Protein chains: 4
Amino acid sequence: MNFPTGIGTSDADSISLLGQDLAHDLMGKVGFGELAFWLVAGRRPTPGETRVFEAVLVALADHGFTPTAIAARLTLLSAPESVQGALAAGLLGGGSRFLGVTEDAGRFLHELVEFSDGDDWDGVAREAVREARAEKRLIPGLGHPVHKVEDPRTPVLFALAREEGVFGPHLALFEAIGRVHPEVLGRKLPLNGAGVCGAALADLGLPVDLLRGFALLARAAGLLGHLAEERRRPIGMDVYLTVDRNATYEP
Amino acid sequence: MNFPTGIGTSDADSISLLGQDLAHDLMGKVGFGELAFWLVAGRRPTPGETRVFEAVLVALADHGFTPTAIAARLTLLSAPESVQGALAAGLLGGGSRFLGVTEDAGRFLHELVEFSDGDDWDGVAREAVREARAEKRLIPGLGHPVHKVEDPRTPVLFALAREEGVFGPHLALFEAIGRVHPEVLGRKLPLNGAGVCGAALADLGLPVDLLRGFALLARAAGLLGHLAEERRRPIGMDVYLTVDRNATYEP
Amino acid sequence: MNFPTGIGTSDADSISLLGQDLAHDLMGKVGFGELAFWLVAGRRPTPGETRVFEAVLVALADHGFTPTAIAARLTLLSAPESVQGALAAGLLGGGSRFLGVTEDAGRFLHELVEFSDGDDWDGVAREAVREARAEKRLIPGLGHPVHKVEDPRTPVLFALAREEGVFGPHLALFEAIGRVHPEVLGRKLPLNGAGVCGAALADLGLPVDLLRGFALLARAAGLLGHLAEERRRPIGMDVYLTVDRNATYEP
Amino acid sequence: MNFPTGIGTSDADSISLLGQDLAHDLMGKVGFGELAFWLVAGRRPTPGETRVFEAVLVALADHGFTPTAIAARLTLLSAPESVQGALAAGLLGGGSRFLGVTEDAGRFLHELVEFSDGDDWDGVAREAVREARAEKRLIPGLGHPVHKVEDPRTPVLFALAREEGVFGPHLALFEAIGRVHPEVLGRKLPLNGAGVCGAALADLGLPVDLLRGFALLARAAGLLGHLAEERRRPIGMDVYLTVDRNATYEP
């Protein structure tokens, strides 16, 4: 039985990663974000693609005291010897509700883009919003609980993608949804940043069924920041005591 | 009760990260590795520091079919709907044995560096190796199961750190250990790459009790590569069947 | 802000669990399986219910070298100091594919039971199998990769539920599916044990959206068995080397 | 390459667990706690051992809104589709600080018991407390943040172990520590319940390096209770908002 892989191999004298000599061709010559893209996509991104990709990772790295950041800090409080456990606990919250928008938006757009010839994004968008409305489904990436008028990340990421020449059909369709949805829904909602990130990642050709993976990678950096801060200036014990002391027994 | 944080906050119009305006000051302007450094260290690294830091992340991202990569793939096989679970399962192997060398080496060197005036690294190294030998302890980062003569990452990382002007006491002491240990142990072992990474991270001023966190961040990228490959060309089922079909019952 | 709970509270002199005095009313007086049922259902099970419930947990505890057991052992190999990490890694494979049948079957049956008056289970079963066939869906719990004729757990669990007087509509409908599906599908498949477990748990009145939780609890015991065996007579290193040494580089 | 195991195997007609026929010898005939003991210890416990073992699991199952319970609930809030992820996140807090006392106490006692002839537990205890005091180490299992006078679980577990004839050297030594420590420390601390649990598990002959595993198994049941309650009457969102709304930016 053989186990094929295109990722990494090593022997006594050399380490190979993605078919490259790790020590001589990659270390000091490829950035970390660039390598993450390469590992998943199986091809090295261009500098423009890398810039947009890293902007997405930066956009998704942290949102303050999210449930995942709190869970990671509480886990470090309980098991301070296991940084890997605290990080894993934080990432396990990277599911459908708080971290899923990126993948959901990318996938939603991808399904529409696949069957469009790209002539009329406003038309495609109008129909998609109508259909979602009729079926009482939400459009992934449309609306935000805090940024009710505009998510500040949205225009920046659109502009970056245009500047770097990687503004493709997913971003175009998402932008069209931002333009036409008020006609159908009767009110204007912002395109949220996590959704634009999903559109941008899809335009970069990354697999839509792994977009959540990039959100998780970005969040891993944010969670490390929280764990470092928890070591320097802990809040976990206060969170725990706030809940425990205000617990009321109700059968 | 207040919960202080220096990481992220947001309001209706803006998102702030590390005291910066996320959308306008960070996205497209800071790299992902650079941001990860900043999040943990609380200060923005210089370009030279960033280059060495990213070289470390690149060096640690993947080592082929490690136990952690196999565990992540088997978890994806069992629960394909949960990328976060597969990634977390892989990271949970980031403990003392296969991913701990970076932190162990950084911590070991740090304890020696703190009490040295830096005049005589060879002397400090000689004494440390002698002491470890007397107590039958291994020196973290010395020796490698595969790269028995030289780990190809080691000279590259030393050179990079020198080139970027961030070659500090931890790398100097580690290099000295590489020089003097044959006198004490009677045979020559290579300085392994994971150990040099730990020395380099410590020289960058990163907290030694979180060095494992960077190994985990690096490995998160490698694991995403494995999960993407597992989706395209799976081996998890073959691994499982290889074990299950060769199981023998022995009480 | 108050945080209501009906589970546990404590003060200086007493610990209360589920409204009972833990030390005096529960320890030594309630079994562990019984307590697990009580914690989730919010009511104490009868002795007959407890017997069937524990039989389900016993049935689901272990299936040898499953992907989850292998993942747990590999994680212990990498991070031997963190039993919680190895256990968590094993449980993370408790998703849709290898451990989901119990919940899927329970939920599938529950949706049919809710809209039936219970007069004619064969009729309900026939229609459900027809509909699934027309939509090319599988019936959860029907068929098994290894036990192609009969899963030995199935008749035992049916008999136990009858003996203890907790044979309800979910088991009745599942049994009917076992009876009538050959008429529709043209071949006879076994009702698998994990599916009967789901039907039995649903008949015990446990919440169908948490049935996977019981499979996970059962598996936690099996995984502890694997971790104990891994400590005594390890196979993790051999699994890792078998994969790594048979790795072939293919881009 | 063969992979030996004494846990489980199966073929087309039968499933074997621990060398028994799962369907005919175990289901309905062995309790779940009994099976968990058997899986780890490799031998079937007596009824008396089972009763004490299950009392330990019951004692450790839940302590209300612990950090691990809160982390599990927050993870369910973020990723409601992944019960396994929420359970795993909760278990990952089962480390040194909040769930480690059971193992720490068992191990501490075991090291002393191994080198004692059992004639004079008070003498062994006195010396151990003196030594710990001299080295400024805490005695695992001595003292409790809430139950400052007596942990209500302690006398109950001592009595149960005596009643069932499984009161062995670990419990005897722990009891002696409870008796003699005031002479040395100058004040009386309670023996806490988690510590007695560790002593009882060690007296049952379970491997001291896996005692944490039983605490985790027990806690898995408690966490399922919390997840079920979170589904019925959620508090996760309120915990998150309490923290997030009281966040203050401090560099």
Identity of the residue in region B:187-242, within 14 Å of the chain's Cα centre (by Cα) and not in a helix (DSSP H, G or I), that ends up farthest from A:Gly225 (Cα to Cα): B:Asn192
Qualifying residue in region A:65-76 (condition: β-branched (Val, Ile, Thr), touching a Gly at 6+ places or on another chain (Cβ under 6 Å) and either surrounded by fewer than 24 Cβ atoms within 10 Å (Cβ to Cβ) or farther than 30 Å from D:Ala89 by Cβ (or both)): no
Total residues in region B:51-61, condition open to solvent by less than 10 Å² (accessible area, probe 1.4 Å), in a helix (DSSP H, G or I) and within 7 Å of another protein chain (Cβ to nearest Cβ): 4
In region C:19-30, the residues that are within 7 Å of another protein chain (Cβ to nearest Cβ) and out of contact with any helix residue (DSSP H, G or I) (no Cβ under 9 Å at 6 or more places or on another chain): C:Gly19
The one condition in (1) touching a residue at least 40 places away in the same chain (Cβ under 8 Å); (2) under 24 Å from B:Tyr249 (Cβ atoms); (3) of a type in the set (A, V, I, L, M, F, W, C) that C:Leu210 fails to fulfil: (2)
One residue from D:Gly64, D:Gly33, D:Gly48 being assigned to a loop (DSSP other than H, G, I, E, B) and either within 26 Å of C:Pro207 (Cβ to Cβ) or small (Gly, Ala, Ser) (or both): D:Gly64
Test: A:Arg107 is open to solvent by 50 Å² or more (accessible area, probe 1.4 Å), part of a helix (DSSP H, G or I) and within 20 Å of A:Gly213 (Cα to Cα): yes
Residues located in region A:3-18, provided they are more than 7 Å from chain B (Cβ to nearest Cβ) and of a type in the set (A, V, I, L, M): A:Leu18
Set C:Gly90, C:Gly85, C:Gly95, C:Gly100: member being open to solvent by less than 10 Å² (accessible area, probe 1.4 Å), without any contact (Cβ under 8 Å) to a residue 60 or more places away in the chain and within 16 Å of the chain's Cα centre (by Cα): C:Gly95
Among residues of region A:192-251, those that are within 7 Å of chain B (Cβ to nearest Cβ) and either more than 30 Å from B:Leu210 (Cα to Cα) or among the acidic types (Asp, Glu) (or both), counted: 4
Failed condition for D:Val124, given (1) open to solvent by less than 20 Å² (accessible area, probe 1.4 Å); (2) in a helix (DSSP H, G or I); (3) away from chain A (no Cβ under 14 Å): (1)
Residues being in a helix (DSSP H, G or I), in contact with a helix residue (DSSP H, G or I) (Cβ under 7 Å, 6 or more places away or on another chain) and in contact (Cβ under 8 Å) with a residue 40 or more places away in the chain - total across region A:36-45: 3
Residues (part of a loop (DSSP other than H, G, I, E, B) and either in contact (Cβ under 8 Å) with a residue 12 or more places away in the chain or assigned by TED's automatic domain parsing to the domain that holds B:Gly64 (or both)) located in region B:143-157: B:Gly143, B:His144, B:His147, B:Lys148, B:Val149, B:Glu150, B:Asp151, B:Pro152
Among residues of region B:64-82, those that are more than 7 Å from chain C (Cβ to nearest Cβ) and in contact (Cβ under 8 Å) with a residue 60 or more places away in the chain, counted: 4
Residue tally, condition open to solvent by less than 30 Å² (accessible area, probe 1.4 Å) and among the hydroxyl-bearing types (Ser, Thr, Tyr), over region C:217-251: 1
Test: A:Asp117 is surrounded by fewer than 21 Cβ atoms within 10 Å (Cβ to Cβ) and either in contact (Cβ under 8 Å) with a residue 40 or more places away in the chain or in contact with a Pro (Cβ under 7 Å, 6 or more places away or on another chain) (or both): no
Candidates D:Val166, D:Val149 - the one that is over 19 Å from the mean Cα position of the chain (by Cα) and open to solvent by 20 Å² or more (accessible area, probe 1.4 Å): D:Val149
Among (1) part of a loop (DSSP other than H, G, I, E, B); (2) over 18 Å from A:Leu60 (Cβ atoms) - the single one A:Val129 does not satisfy: (1)
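The values are calculated or read from the model by the stated rules, or taken from the named source; none is laboratory data. What you see is a predicted model, and the numbers here were worked out from it, not measured in a lab. For neighbour counting, all protein chains shown are included, and Cβ atoms are generated from backbone atoms with ideal geometry for every residue, glycine included. Each accessible area value is taken on the protein alone, full model and side chains, heavy atoms only, with ligands, DNA and RNA left out. Shrake-Rupley method; radii C 1.70, N 1.55, O 1.52, S 1.80 Å.
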